[in-house]
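Read through the structure below, which is laid out as structure tokens, and then see the notes.
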Amino acid sequence: MRIFSCCLSSEFFYMAQETILITGAGQRVGLALAQHFSERNYHVIVSYRTEHKAISDLRERGVECIHADFSTNEGITSFANHIAGLGVQVRALIHNASDWNAESQTDDYPALLDQMMQIHVKTPYLLNLALHPFLKGSTTGNETGSADIIHFTDYVVRKGSAKHIAYAASKAALENLTLSFAQKLAPRVKVNSIAPALIMFNAGDSESYKKKALSKSLMGIAPGEREAVNAVDFILKSAYMTGQSVNLDGGRALK
């Protein structure tokens, strides 16, 4: 994957300000992460697929929002080249971009598997390879000197999913990428995963669905986006953890 050379002098300000790069930050966890790091005076860059009010709000906060189409290899390359051209010092690359489709929604199973692998495996794989030279750890405060890559996987990696087979397989592959990149990039870059189960509900979810979903974990709650933000902060503050998965499942595996 080719990355074009960049002119660093035009981006001197960003070289002095640490950057958090988040894919898929237009809603839910990705949006919460962008808001969180923006409030802490990081230079935040996010990718988004669809333009809507949340993206406009992020721009008003000073977040750099870049439209990206990760459904094609060209789209991934274009995004990587754009980031490389900025000459930024990336403190953390957070892969949150995701898609959620089920076998029940299509009879084109080869296309479904390709789609899931494209967004959950090929995109982080190519972006990690292209952008790891731009990752640089923090040298201030109490944080580690290593930079970070964080993959958002899923609880289903541990058990599979009869209703979302292609999705579960692609997230399991992403979990394995965590292990391989942790070996490849250590000690300069730590690579870890966050595997959430139920974090938050959608606006249209019924009360019966909510009750059934909550009953699946020991904690019996939907903790909200803040739980994922806390997990990211925990990883960034660690000086020693790499190649691991933080399971945000409320004890679901023990039920």
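The values are calculated or read from the model by the stated rules, or taken from the named source; none is laboratory data. Quick caveat: nothing in here was measured; it's all calculated off a predicted structure. Ideal geometry is used to build each Cβ from the backbone, glycine not excepted, and the neighbour counts take in all protein chains shown. All accessible areas refer to the heavy atoms of the entire protein, side chains included, with ligands and DNA or RNA removed. Shrake-Rupley method; radii C 1.70, N 1.55, O 1.52, S 1.80 Å.
Per-structure values
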| quantity | calculated |
| --- | --- |
| With eigenvalues of the C-alpha gyration tensor scaled by 5 and rooted, the stretch 55-146, Å | 30, 16, 14 |
| Residue order for R28, R226 - accessible surface, 1.4 angstrom probe, largest first | R226, R28 |
| Nearest-0.05 FRET efficiency for N41 and D114, computed from C-beta distance (R0 35 Å) | 0.30 |
| Net charge over other residues, Cβ less than 13 angstrom from the Cβ of G250 (K, R count +1; D, E count -1) | +1 |
| Accessible area per residue in Å² at 1.4 Å probe, computed on the chain | 50 Å² |
| For T106, solvent-accessible area (1.4 Å; no DNA, RNA or ligand), Å² | 50 Å² |
| Projected-area mean, the stretch 102-245, by convex hull of Cα positions, square nanometres | 10.3 nm² |
| Charge tally in the Cβ shell below 15 Å around I199, where Lys, Arg are +1 and Asp, Glu are -1, I199 excluded | +1 |
| Violating pairs (Cα-Cα greater than 24 angstrom) within the set K212/K255; K159/K216; K159/K190; K53/K122; K53/K237; K136/K171 | K159/K190; K53/K122; K53/K237; K136/K171 |
| Alpha-carbon centroids, the stretch 57-74 and the stretch 151-168: separation in whole Å | 26 Å |
| Sum of side-chain charges, G75 neighbourhood, beta-carbon under 14 Å (Lys, Arg +1; Asp, Glu -1) | -1 |
| Pair Q17, A102: separation of 7 Å Cα→Cβ label points (nm) | 4.3 nm |
| Accessible area of E64 in the full protein assembly, 1.4 Å probe (Å², nearest 10) | 40 Å² |
| Accessible-area composition of the stretch 64-173, carbon plus sulfur, in percent [1.4 Å probe] | 53 percent |
| For Y42, residues with placed amide H under 5 Å, excluding near neighbours | none |
